[in-house]
Amino acid sequence: MKCFTHHDADAVAVCKPCGRGVCAGCATVATDNSVSCSPRCAETAARLGALISKSTRHAKATQNTQAIVLGIMGLATVFAGFVATGVGRGVLWSAAAFLLLVALRYGRLARTWKQAKGE
Ligand SMILES: [Zn+2]
Ligand SMILES: [Zn+2]
């Protein structure tokens, strides 16, 4: 691949936001080591990066909350099952098992984010 601006120069990297080839003279390296072809693209890359880390944090917080809410709902359903009699108990305990399983899954997802970010 050749540099988008300098057609005779070999590209050393690809601009992250626009996908153009950049030569050693054109490449702008940001603090997160992403390469951009222009200050405009560097700005776009920085904004995208901020957006991604923000949504990652948001997803983690949402999954944590969902894990807690579902866990509480699951436990409440278990207790409701103790009070209920006959078929109702079986239905409630099945629902409780489902809720607790989903809660566990969200809890694990939230931990995955933690590990991925190396916190
Ligand atoms: Zn160039
Ligand atoms: Zn670019």
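Of the candidates Gly49, Gly25, the single residue that is in contact (Cβ under 8 Å) with a residue 12 or more places away in the chain, loosely packed, with under 12 Cβ neighbours inside 10 Å and more than 14 Å from ligand 2 (Cβ to nearest atom) is Gly25. Scanning segment 1-22 for residues that are over 24 Å from Gly49 (Cα atoms) and either in contact (Cβ under 8 Å) with a residue 60 or more places away in the chain or not in a loop (DSSP other than H, G, I, E, B) (or both) yields a count of 2. For the condition closer than 30 Å to Trp113 by Cβ, assigned to a loop (DSSP other than H, G, I, E, B) and either more than 11 Å from ligand 1 (Cβ to nearest atom) or over 24 Å from the mean Cα position of the chain (by Cα) (or both), Thr31 qualifies. Any residue at all in segment 34-41 that is among the basic types (Lys, Arg), surrounded by fewer than 17 Cβ atoms within 10 Å (Cβ to Cβ) and under 30 Å from Arg108 (Cβ atoms)? Looking for residues that are among the basic types (Lys, Arg), surrounded by fewer than 17 Cβ atoms within 10 Å (Cβ to Cβ) and under 30 Å from Arg108 (Cβ atoms), one finds none in segment 34-41, hence no.
The single condition among (1) in contact with a His (Cβ under 9 Å, 6 or more places away or on another chain); (2) within 30 Å of Ala96 (Cβ to Cβ) that Cys26 does not meet is (2). Any residue at all in segment 55-62 that's touching a helix residue (DSSP H, G or I) at 6+ places or on another chain (Cβ under 6 Å), without any contact (Cβ under 8 Å) to a residue 60 or more places away in the chain and closer than 30 Å to Arg111 by Cβ? Yes: segment 55-62 contains one or more residues that are touching a helix residue (DSSP H, G or I) at 6+ places or on another chain (Cβ under 6 Å), without any contact (Cβ under 8 Å) to a residue 60 or more places away in the chain and closer than 30 Å to Arg111 by Cβ.
Just to be sure before I move on: is Gly107 small (Gly, Ala, Ser), surrounded by 12 or more Cβ atoms within 10 Å (Cβ to Cβ), in contact with a Lys or Arg (Cβ under 7 Å, 6 or more places away or on another chain) and modelled with pLDDT of 90 or more in the structure I sent? Judged against the criteria, Gly107 is not a match.
The values are calculated or read from the model by the stated rules, or taken from the named source; none is laboratory data. Remember, it's a predicted structure, so these values are computed and weren't measured experimentally. Backbone-built Cβ (ideal geometry, glycine too); neighbour counts: all protein chains shown.
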